[in-house]
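The values are calculated or read from the model by the stated rules, or taken from the named source; none is laboratory data. Given the structure is predicted, the values throughout are model-derived calculations rather than measurements. Positions of Cβ are generated from backbone atoms using ideal geometry, with glycine treated the same way; all protein chains shown enter the neighbour counts.
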Ligand code: ASP
């Protein structure tokens with residue numbers, strides 16, 4: 001006969017199992033195109049801007065650019081020229097963009113003083129024979145393309161003094177807007193084509209010249225028009241050593257849902273990394289069927305927008321604890 005103690009243990013186990021079973025959610029539905037998914041609560045405004053671009057007749061790529069430009073202009077402390085400075089007291093921005101049709105990509109890294117890195121990345125993709133430009137040469141290209149330059153020397157968040165005044169010591173493993181974040185934004189268009197982009201000022205206090213995962217294709221962002229797209233945020237060093245977003249897309253190709261694919265990549269990284277409990281990484285993904293998902297080593301809010309729906313959803317730290 002089942003003792004009270006055993007019964008309680010079994011009940012607790014069942015309850016725990018129930019909470020782990022993915023709810024039949026909107027993520028299971030496939031009728032939500034165009035679908036826009038991005039990192040962090042600030043992604044919601046970006047998604048909505050992207051949706052406006054799509055509704056005005058823009059392509060998924062136009063939606064990506066419009067959405068990320070919104071974040072770059074929003075005063076965000078981790079994206080664009082308002083982002084926190086590097087260790088030398090000035091901002092160096094990273095961004096990339098991918099268009100599913102044609103498997104095209106453009107990227108910039110270490111870009112200084114330019115208002116919209118995502119637009120420069122798009123121009124690298126569309127107007128040069130190359131994929132990636134860096135540093136002063138990326139800036140020169142941006143200026144030659146008429147991209148807006150802003151003198152940030154007086155920006156409070158970009159002065160060494162401001163940086164020195166910060167009360168809180170940055171803990172690199174805290175993935176939150178206090179020290180680093182990225183807008184990674186994925187669009188599945190009404191026509192089933194995919195595009196994605198990301199933009200960041202990178203880790204606050206990084207060494208000058210440090211480049212994170214965000215502008216590295218297959219690390220901070222990857223789009224495969226036959227399968228799906230994935231984007232990353234968190235400590236770039238723990239993403240780029242594993243080609244994480246490429247791997248997420250490959251797991252989706254093998255049949256994983258977007259959420260499963262993000263979790264499987266965290267499993268993979270944890271199994272290989274010498275510091276598996278200090279990763280500070282989060283992922284979003286969408287697939288060609290219109291499913292979406294996310295996973296993070298910390299609790300991770302992300303923004304989801306499709307016709308009639310625009311919300312910040314949240315996943316618990318994975319494995320949940
Ligand atoms: N991934 C970005 C970087 O390492 C920062 C972040 O998303 O938190 O530059």
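The condition (being more than 16 Å from the ligand (Cβ to nearest atom) and in contact with a helix residue (DSSP H, G or I) (Cβ under 6 Å, 6 or more places away or on another chain)) is satisfied by just one residue among 116, 103: 116.
Of the residues making up the stretch 194-215, those that are more than 10 Å from the ligand (Cβ to nearest atom) and part of a loop (DSSP other than H, G, I, E, B) are 205, 207, 208, 209. For the stretch 109-129, the set of residues classified as touching a residue at least 60 places away in the same chain (Cβ under 8 Å) and part of a helix (DSSP H, G or I) consists of 117, 118, 121, 122, listed by residue number. Regarding residue 106, is this residue surrounded by 15 or more Cβ atoms within 10 Å (Cβ to Cβ) and not in a loop (DSSP other than H, G, I, E, B)? So residue 106 fits the description; yes. Evaluate the following for residue 84: is it closer than 22 Å to residue 205 by Cα, in a loop (DSSP other than H, G, I, E, B), in contact with a helix residue (DSSP H, G or I) (Cβ under 9 Å, 6 or more places away or on another chain) and touching a residue at least 40 places away in the same chain (Cβ under 8 Å)? When the stated conditions are applied, residue 84 passes them.
Screening residue 129 with (1) closer than 17 Å to residue 189 by Cβ; (2) out of contact with any strand residue (DSSP E or B) (no Cβ under 8 Å at 6 or more places or on another chain) gives one miss only, at (1). Scanning the stretch 41-48 for any residue that is under 21 Å from residue 313 (Cα atoms), modelled with pLDDT of 95 or more and assigned to a loop (DSSP other than H, G, I, E, B) turns up at least one such residue. When the test is whether a residue is in contact with a helix residue (DSSP H, G or I) (Cβ under 6 Å, 6 or more places away or on another chain), modelled with pLDDT of 75 or more and assigned to a strand (DSSP E or B), residue 187 passes it.
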